1. What nm value, rounded to one decimal, do you get for the distance between residue 29 and residue 10 when each label is placed 7 Å out toward the C-beta?
2. What is region 14-74's relative contact order, in percent, from Cα pairs under 8 angstrom and six or more apart in sequence?
């Protein structure tokens, strides 16, 4: 990814997340982190996102997938004010 990573406050509603990732969203969830990406990113042949892979590897010690395209990381779900389309997603869930 050629663009620098940014930290900013966003509207984390479903429509805005879909705009940011250019399509339907897929949730990737860890124990205290989560991010969203385009669920068809591999089908669309989007470029691998090395930053996302690196962050997942740092947090988990394992990399089990290749993440492609733009990725939106959100604050942890520890508090009830977490920024997600509805509420904090369950591990392994997908939102469309």
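Since every read-out is calculated from the coordinates, none of them should be taken as a lab result. The structure presented is a predicted model; accordingly, all values stated were derived computationally and were not measured. Don't worry about glycine lacking a Cβ; one is built from the backbone with ideal geometry, like all the others, and counts go over all protein chains shown.
1. If labels sit at residue 29 and residue 10, their model points lie 1.9 nm apart.
2. 37
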